[in-house]
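Working notes, structure below.
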Amino acid sequence: MKKLVRCKDKHGYRSQNGSAMLSRLSKPLSCCLCVFGKTIASPEARRDEWLALEEIYKSGEARSIGISHYCTQHILDIMWVAKVTPAINQVEYHVGSQDVDQVMDTCSDLGITFMSFSPLCGPCKYEAEDSLINGDLVAEIATHYEGKTGSQISLRYIVQQGIPVIPKSNTMEHIKSNFDIFDFELSEEHMQRLSRATKPAAESGDCSVAIA
């Protein structure tokens, strides 16, 4: 299974090259190394950071490189200097979130895979009835699919759009359940109901990071 590593540093990366970044990690990587957009405060810093990631990629220490929580303008910032297109952009996306930062089309146009972060809205604040594990909407839809749970409905909604997901779990039971979403398909009616949901909402704010 491919591993994702997200790098972030409150001090930024402008003085860091690829070797310096890699030295902060515990061992060589056979994974996708992603830069976390919220911590990078200027176009110049984003470009420097991306070029450092390219060094790591070209050295063979990472199989692919990507970005996390990047808005359209942030992506365009790095594309001015990029020789390697980001493999993925990892953004909060789930039932209720909508395209919170309006970046999905940009990713598609540039050949960047849009990846769902927090597909079950783990860190979100919401009322119990809006839960993506056993809330009213997903639980009711689950009754139409034998043996399926609300959380499986939530995950299936995303993958049925062709979007990869990375649900987090610490128990083998939940991990197995998260994988058990490929033997059924949601109806168009249910996909539409889920797509119209506005709760639990995603937390925007990544786009407030400086763009100029």
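The values are calculated or read from the model by the stated rules, or taken from the named source; none is laboratory data. Quick caveat, the model's predicted, so the values are computed rather than measured. So basically every Cβ, Gly included, is an ideal-geometry build from the backbone, and we count neighbours across all protein chains shown. Note: accessible area is taken over every heavy atom of the protein model, side chains too, but ligands, DNA and RNA are not part of it. Shrake-Rupley method; radii C 1.70, N 1.55, O 1.52, S 1.80 Å.
For segment 163-191, filtered to residues that are over 20 Å from Cys121 (Cβ atoms) and in a loop (DSSP other than H, G, I, E, B), the residue that is nearest to the chain's Cα centre (by Cα) is Phe182.
Summed over segment 87-114, residues that are under 14 Å from Cys71 (Cα atoms), in contact with a Phe, Trp or Tyr (Cβ under 8 Å, 6 or more places away or on another chain) and not hydroxyl-bearing (Ser, Thr, Tyr) total 11. Of the residues making up segment 154-178, those that are among the small types (Gly, Ala, Ser) and under 18 Å from Thr143 (Cα atoms) number 2. Selection over segment 121-148 of residues that are open to solvent by less than 50 Å² (accessible area, probe 1.4 Å), assigned to a loop (DSSP other than H, G, I, E, B) and in contact with a Phe, Trp or Tyr (Cβ under 9 Å, 6 or more places away or on another chain) gives a count of 4.
For Ser151, the criteria (1) of a type in the set (Gly, Ala, Ser); (2) open to solvent by 50 Å² or more (accessible area, probe 1.4 Å); (3) modelled with pLDDT of 95 or more; (4) within 27 Å of Gln102 (Cα to Cα) hold in every case but one, which is (2). Checking segment 102-116 against the condition returns no match, with no residue being under 29 Å from Val84 (Cβ atoms) and in contact (Cβ under 8 Å) with a residue 60 or more places away in the chain. Restricted to segment 79-108, and to residues there that are of a type in the set (Ser, Thr, Tyr) and outside any loop (DSSP other than H, G, I, E, B), the residue that is most open to solvent (accessible area, probe 1.4 Å) is Ser108. Among the residues of segment 112-122, not a single one is farther than 19 Å from Ala202 by Cβ and either in contact with a helix residue (DSSP H, G or I) (Cβ under 6 Å, 6 or more places away or on another chain) or at pLDDT below 95 (or both).
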